[in-house]
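Comments concern the structure below.
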Amino acid sequence: MKIKGSTNIVGLIGHPVEHSFSPPMHNAAFDALGMDYTYVAFDVNPAELQKAIEGARSLNIRGFNVTIPHKIEVMKYLDEIDDVARLIGAVNTIDFKNLKGYNTDGIGAVRAIEEVTSIKNKNVVIAGAGGASRAISFYIAKYGADSLTILNRNVDKAQSLARDVSNSGLIGDVKSDSINEINAYLADADILVDTTPLGMHPHINDQPIATAENMHDELVVFDAVYNPNETVLLKQAIEAGAKPVYGIKMLLYQGAESFKIWTGADAPVDIMEKALKDTLNIE
C-alpha cells in the first residue's frame with residue numbers, strides 16, 4: 001500500500017514489540033479492502049506511557065493495540081473503559097475516537113472456541129490464572145457457560161480469580177483448585193482451555209498439563225499458545241479424538257475485533273489468517 005498524507009495510523013504499543021505478528025495481519029487486511037490505513041509497532045518504555053498516549057492523540061492516531069507491560073497501567077490515561085475490560089482489569093485495544101479502552105483477548109478466545117462448539121451451558125476448565133486466563137474467564141462467563149473451574153499451580157491466585165468472576169454475577173458456578181488435580185475435572189468437562197505457557201517455543205517438548213488417556217472424544221481443547229501451532233497439549237487432544245482449537249485463532253479473532261472497533265468495518269478474517277500463517281510458517 002502507498003502511505004499518503006491522508007493515511008490513518010493504527011498500531012501496537014508494548015515493550016518489546018519487534019516480534020509482534022499484528023502488523024502483517026492488519027496491513028494485509030487494509031490492503032485487501034483498499035483502506036487508507038497502516039499498522040505500525042511502537043516500542044514504548046513504561047516510564048513514557050502517559051506521554052505516548054497523549055502524543056498519539058495529538059498526532060491523530062486512530063487506535064492502538066496494547067501488549068505487555070502496558071495493559072493495566074494504560075487504563076489510567078483513558079477516558080472510558082468498556083464494561084468487560086473493567087471487570088478484567090486490563091485493556092488491549094484503544095479507540096482514540098473517544099479514548100476508550102477494550103479487551104478483545106477474551107472475545108478472541110471465545111470466537112475461536114465457538115467455531116467448534118457453543119460455550120452456552122458447557123462445563124469449562126481453565127488452566128492458569130494470569131492475564132490471559134482472566135480475560136478469557138470473564139468472556140466464558142458472559143457467553144453463558146454452565147460452570148467454570150480455574151486450576152493453577154498457585155491455588156491462591158486461582159481462588160482470587162474465581163472469586164472475581166463469581167462476584168461479576170455473570171455465572172453462578174465457579175470453582176478453583178490446584179492444576180495437579182486436573183484429571184479429576186476432565187471427565188465432566190466439555191471444554192478445556194490452557195492459558196499456561198507450557199509448550200511455547202522453544203520449550204516445545206514440555207510435559208502437557210493433561211494427556212490423551214485422561215481426555216474424552218467429546219472434549220474441546222483450546223491452547224492459547226500459537227507458536228508452535230500444534231502444541232504438546234493439542235497433540236494429546238488429537239490422539240484422544242478430542243477436538244483441537246489452535247491458539248492462532250485467538251490471535252486472529254482478537255485482531256479482527258480490534259479492526260472492527262477502529263474502522264467500523266468487518267475484518268476480512270480469511271485474509272488475516274493467511275497473513276498470520278505465512279508469518280508463522282504454518283501450512
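Brief remarks on what is shown
- Where only alpha carbons of the chain are counted, the Rg and the Dmax (Å): 18.8, 60
- Using a Förster distance of 22 Å, the FRET efficiency for residue 283-residue 212 (Cβ separation, nearest 0.05): 0.45
- About the centre of its Cα atoms, the chain shows a dipole size close to 840 debye [charges on the beta carbon of Lys, Arg (+1) and Asp, Glu (-1) only; nearest 20 debye].
- Acute angle (nearest 10 degrees) that the helix 247-263 long axis makes with the longest principal axis of the chain, alpha-carbon atoms: 40 degrees
- Trypsin sites (Lys or Arg not before Pro) within region 48-77, DSSP loop, no more than 12 other Cβ atoms inside 10 Å: none
- On Cα atoms only, tilt of 269-280 relative to the major axis of the chain in degrees: 80 degrees
- For region 98-166 versus region 219-283, the spacing of their alpha-carbon centroids is 17 Å.
- Nearest-0.05 FRET efficiency for residue 31 and residue 98, computed from C-beta distance (R0 35 Å): 0.80
- Taking 22 Å as the limit for the C-alpha separation, the pairs 157/277; 100/274; 100/120; 51/76 exceed it in the case of 157/277; 100/274; 100/120.
- 3J(HN,Hα) from dihedral phi, region 136-142, Karplus parametrisation 6.51/-1.76/1.60, rounded to Hz, x for glycine, proline: 6, 4, 5, 6, 4, 5, 4
- Given charges at Cβ of Lys, Arg, Asp, Glu: the chain dipole, positive-most of 245, 41, 132: 41
- The angle between the Cα long axis of helix 105-114 and the longest principal axis of the Cα atoms of the chain comes to about 50 degrees, rounded to the nearest 10.
- The GluC sites (Glu not before Pro) of region 137-227 that DSSP puts in a loop, and whose beta carbon has at most 16 other beta carbons within 10 Å, are 218.
- Residue 51-residue 86 pseudo-label distance in nm [points 7 Å out on the Cα-to-Cβ vector]: 3.1 nm
- Between the amide H of residue 243 and those of 219, 220, 221, distances stay under 5 Å, these residues lying 5 or more places away or on another chain, with hydrogens modeled in the peptide plane.
- Residue among 178, 268, 233 farthest towards the positive dipole end of region 138-283, charges placed on Cβ: 268
- Cβ-based exposure ranking for 235, 4, in which fewest neighbours within 10 Å come first: 4, 235
- Put simply, region 107-245 fits an ellipsoid with semi-axes of 21, 16, 14 Å; these come from the alpha carbon gyration tensor as the roots of five times its eigenvalues, largest first.
- Whole-Hz Karplus values for region 168-175 come out as 5, x, 7, 8, x, 9, 10, 10 Hz, taken residue by residue from phi with 6.51 cos²θ - 1.76 cosθ + 1.60 and θ = phi - 60°; glycine and proline positions read x.
- Ascending count of other beta-carbon atoms within 10 Å, so fewest first, for 111, 134: 111, 134
Laboratory data are not the source of any read-out in this text; all were calculated from the coordinates shown. Worth saying up front: this structure is predicted, and the values here are computed from it rather than measured. So basically every Cβ, Gly included, is an ideal-geometry build from the backbone, and we count neighbours across all protein chains shown.
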